[in-house]
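Rule-based calculations on the coordinates, nothing more; no lab input. None of the values given here were measured: they were computed from a predicted structure. FYI the Cβ positions are ideal-geometry reconstructions off the backbone, even for glycines, and counts take in every protein chain you see.
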Amino acid sequence: MVISDTAASRPLKVSTEVTRSHRIQLKWALHLALWVLAALEFYPMILAIIMSLKTNTQYYIHPFSLTFPLDFANYSQSFAVIWHYMLNSVAVVSISLAGTLIVSTLAGFVIGRYRFPGRDVLYYMLIALMMVPGVLTMVPMFVLISRFGMVDSWWGLVFPYVAGGEIFSIFLLRQFMMGIPQELFDAAQADGASMWQEFWYIALPAVRPIIGVIAVNHVVGWWNDLIWPSIVISNPKWMTLMPGLYSFTGQNQTNVGPLMAGYVIGSVPLVLLFIFTSRLFVEGMNSGAFKL
Amino acid sequence: MALTKTASTTVKSKRRRSRQPLWLIYGFMFPAVALALIFDYYPAFSGLYLSMTNTLEVGIKAQWVGLANYQSLFVNNPAFIDSIWHMAVLAGAAVIIGTTVPLIVAEMIFHLGSNRWRYAYRIVFLLKMLIPGMVIVEVWGYILGVNGVLDQVVKFLGLPGGDIAWLVDQHTALAAIVFIGFPWVAGIAILIYYAGLASIDPEILDAASVDGSQGIHRVLHVDVPLVTGQVKLIVILSAIGGFQGYFAQFLLTQGGPGWSTQVPGYFMYLNAFKYGEMGLASAIGVFLFVIILALTLINMKFIRSSQDYQAQ
């Protein structure tokens with residue numbers, strides 16, 4: 001917009017007619033190129049959908065092209081296995097999200113709004129953890145989880161998720177808490193509000209947008225997590241979606257239709273989430289670029 | 001971090017000394033700090049400790065062995081050195097791809113006239129990031145498999161190599177892993193570059209167009225120099241991702257064929273959870289941590305420049 005509009009309205013241009021048609025051609029070329037790139041980028045998903053609609057016979061004859069009749073039975077067959085893993089994932093993600101948000105809003109609130117001995121030490125102690133990558137802690141974390149008897153339980157996922165998720169959340173929440181106008185708190189204090197009331201009625205509503213951003217990002221990360229949950233949980237009863245799909249993959253190597261249907265089903269919930277929260281997601285991705 | 005500091009100095013004057021009881025304030029802090037100590041700090045330090053023991057599996061008593069695990073990795077294990085090379089190749093490819101492709105696409109999106117299209121394309125490419133990585137990599141296994149989609153394309157074009165199982169041939173397996181995700185457009189990088197381009201002062205662009213700088217010329221001589229901060233950030237982020245990642249090995253190659261796609265991250269996973277060598281695995285974890293920490297510290301220097309797009 002910047003370049004084309006300002007340049008076109010500029011009287012300096014002599015051959016306006018020529019450059020304008022030139023520019024329109026360029027724009028069409030850009031659109032075309034972007035569509036091609038998007039098609040290639042999404043080709044694996046398109047392929048998964050095509051393959052998910054095949055019977056085994058259709059797959060052996062024409063593995064990658066669309067074949068008719070479309071076989072939707074694969075979906076019901078996969079869903080019968082996968083819904084259970086999806087529910088487990090919903091539970092684990094919900095518990096982890098609730099934990100992360102509670103823990104990090106409380107800490108972000110007092111760090112951002114109060115002065116107390118040790119505040120800065122505690123704050124830097126927390127955000128220094130952004131420099132510790134998952135590869136360092138994976139093995140010792142498993143040792144710890146085993147000592148706590150959390151192997152094969154959701155807690156072995158929830159505690160590491162909350163402890164990992166709270167760090168960046170506190171970093172963001174502190175900044176937003178500091179940005180709330182002091183007048184709001186002064187007024188509340190004049191009315192005799194307690195610390196809890198300040199937290200609940202003033203701070204939390206004021207930082208709601210960033211809470212949404214934090215939530216959406218964590219949900220995506222945890223929902224799609226494969227390696228850690230596949231280490232912690234081996235009992236299918238407690239398994240979350242990605243390790244569930246992984247073991248489903250092992251069982252269906254010769255059953256490509258249902259396998260792909262399972263992949264498609266597993267991808268749908270986040271796409272639905274995205275449709276409702278795309279703006280939050282874009283903002284979150286921008287701030288997520290800080291993440292190390 | 002720079003932003004945080006300036007913000008806190010301006011706000012500090014306004015922040016009142018608390019009239020709340022201290023125990024309540026510390027009570028608010030307690031859950032976060034306790035979780036961080038138990039589930040972040042303890043594992044980090046116990047990882048350093050474990051790397052100097054001969055721990056085999058959880059619950060088996062182990063002895064202190066000093067640097068023996070490091071010695072067996074770096075001195076006695078040429079295969080491990082090979083895996084470092086593979087990691088370097090993959091990380092290098094990630095850096096080259098991550099700095100070029102998203103920048104080109106961000107330029108293309110930025111050059112579109114309407115803001116609605118610009119937003120729409122960014123959303124479309126962002127959408128890909130929601131699809132579980134596992135699903136994408138598994139489907140790529142079919143694309144790169146013998147008689148897979150790639151083979152059929154190669155045959156259709158009449159090129160040689162139409163019968164290669166790209167991930168199973170040890171000459172092509174590592175390159176095939178790089179190829180996963182082609183055309184590598186989606187991801188956070190595109191948003192970072194786009195935001196960088198959008199934050200360029202319109203007057204600069206005006207001045208450039210008055211000077212007759214347009215198209216490719218403008219991109220190379222005006223835009224690229226103005227988004228070097230973003231480029232540096234992407235270099236570091238891609239490198240860190242490249243050093244840590246072993247998704248394709250985990251799902252498709254298991255480090256093979258032979259040892260041709262093995263990387264330290266996956267070797268660590270295997271040692272810890274398949275071979276029962278947790279001490280050795282921890283040593284690999286510490287090694288990766290040191291590399292990534294170095295990159296992270298470099299990254300900190302560039303965080304100021306990444307603030308530019310943060311404001312968008």
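Do you know the relative contact order of chain B, to the nearest whole percent, from alpha carbon pairs under 8 angstrom that are 6+ apart? Before the final figure, lay out each step's value.
Numbers: 340 pairs, mean separation 88.2, N = 312.
Reported relative contact order: 28 percent.
Let's see if you can work this out: charge +1 on each Lys and Arg Cβ, -1 on each Asp and Glu Cβ, no other charges. What is the dipole magnitude of the protein assembly as shown about its Cα centre, in debye to the nearest 20? Let's see the in-between values first.
On the way: 33 positive and 28 negative charges, 270 e Å.
Its charge dipole is roughly 1300 debye.
Output ³J(HN,Hα) for segment B:280-294: one whole-Hz value per residue in order, computed from phi by the Karplus curve 6.51 cos²θ - 1.76 cosθ + 1.60 with θ = phi - 60°, and x for Gly and Pro.
Along segment B:280-294, the couplings run 4, 4, 4, 4, 5, x, 5, 4, 5, 4, 4, 4, 5, 4, 4 Hz.
Can you give the Kirkwood hydrodynamic radius of chain A from its Cα pairs, in Å with one decimal?
Over chain A, the inverse of the mean reciprocal pair distance is 23.1 Å.
For the residues A:198, B:203, A:166, what sequence is obtained by ranking on other C-beta atoms within 10 Å, fewest first? Display every interim value, and only then the final one.
Numbers: A:198 19, B:203 10, A:166 32.
The fewest-first ordering by Cβ neighbours comes to B:203, A:198, A:166.
For the protein assembly as shown: lysine pairs with Cα atoms under 16 Å, gap of 8 or more or different chains, count? Please list the in-between numbers first.
On the way: A:291/B:232; A:291/B:301; B:5/B:14; B:5/B:301; B:232/B:301.
Count of close lysine pairs: 5.
Using a cut-off of 13 Å between beta-carbons, work out the net charge of the residues near residue B:118 (Lys and Arg +1, Asp and Glu -1, residue B:118 not included).
Numbers: positive: A:27, B:116, B:122; negative: B:107.
Its environment carries a net charge of +2.
Roughly what percent of Cα-Cα pairs across chain B reach past 38 Å?
Values: 15903 of 48516 pairs.
Looking at chain B, the distances longer than 38 Å represent 33 percent of pairs.
Per-residue Cβ counts within 10 Å, from other chains only, averaged over A:30-42: what number is that? Could you put the intermediate results ahead of the total?
Working: counts 9, 4, 0, 3, 10, 2, 1, 11, 9, 1, 4, 12, 8.
For peptide A:30-42, the averaged partner shielding equals 6.
Ordered by residue, what ³J(HN,Hα) values in Hz, to whole numbers, does segment B:262-267 give under the Karplus form 6.51 cos²θ - 1.76 cosθ + 1.60, where θ = phi - 60° and Gly and Pro are x?
Result, rounded to whole Hz: 5, 10, x, x, 6, 4.
State, as an integer percentage, the relative contact order of chain A based on alpha-carbon contacts under 8 Å between residues 6 or more apart. Kindly include the intermediate steps, with their values, before the conclusion.
On the way: 243 pairs, mean separation 86.2, N = 292.
Averaging sequence separation for qualifying contacts and normalising by length gives 30 percent for chain A.
Convert each backbone phi in segment B:206-222 into a coupling constant with the Karplus relation 6.51 cos²θ - 1.76 cosθ + 1.60 (shift: θ = phi - 60°), then list the ³J(HN,Hα) values in order as whole Hz, x for Gly and Pro.
Per residue, the Karplus-derived 3J(HN,Hα) values read 4, 4, 5, 6, 5, 6, x, 8, 9, x, 4, 4, 5, 4, 6, 9, 10 Hz.
With point charges of +1 on the Cβ of Lys and Arg and -1 on the Cβ of Asp and Glu, referenced to the Cα centre of segment A:73-288, which listed residue (A:240, A:125, A:189) lies farthest in the positive direction of the dipole?
A:240
I need the helices of chain A that pass two filters: whole DSSP H segments spanning 24 Å or more by Cα along the axis, and mean Kyte-Doolittle score no lower than -0.5.
A:16-41, A:73-113, A:155-178, A:256-288
If we count other beta carbons within 10 Å of each Cβ, what is the order of A:130, B:134, fewest first?
Working: A:130 15, B:134 25.
Result, fewest neighbours first: A:130, B:134.
Once you average over the residues of B:241-249, how many Cβ atoms of partner chains fall within 10 Å of each Cβ?
Working: counts 0, 0, 2, 4, 1, 2, 2, 0, 0.
If you average over the peptide's residues, the count of other-chain Cβ atoms is 1.
When Cβ neighbours within 10 Å are restricted to other protein chains, what is their mean count per residue of peptide B:270-283?
Details: counts 0, 1, 6, 6, 0, 0, 0, 1, 4, 1, 1, 4, 6, 1.
Taking the mean over all residues of the peptide, I get 2.
Please arrange B:70, A:85, B:119, A:123 by how many other C-beta atoms lie within 10 Å of their C-beta, fewest to most.
Values: B:70 17, A:85 23, B:119 14, A:123 20.
With the sparsest Cβ surroundings first, the list reads B:119, B:70, A:123, A:85.
Within 15 Å, Cβ to Cβ, of residue B:144, how many net charges do the neighbouring residues add up to if Lys/Arg are +1 and Asp/Glu are -1? Intermediate values should be presented prior to the final figure.
Details: positive: B:155; negative: B:138, B:151, B:163, B:169.
After counting each charged neighbour, the total is -3.
Report the per residue volume, in Å³, of the convex hull enclosing the C-alpha atoms of segment B:12-127.
Numbers: hull volume 35.0 nm³, N = 116.
That works out to 302 Å³ per residue.
What's the Cα-based Rg to Rh of the protein assembly as shown, Rh via Kirkwood? Provide the component values of the computation, followed by the final result.
Values: Rg = 26.0 Å, Rh = 26.4 Å.
My calculation of the ratio gives 0.98.
Could you pull out every residue, at least 5 positions away or on a different chain, whose amide H is within less than 5 Å of the one on residue B:53? Hs are placed 1.01 Å off N in the peptide plane, and Pro or chain starts have none.
Excluding prolines and chain starts, which carry no amide H, the hits are B:65.
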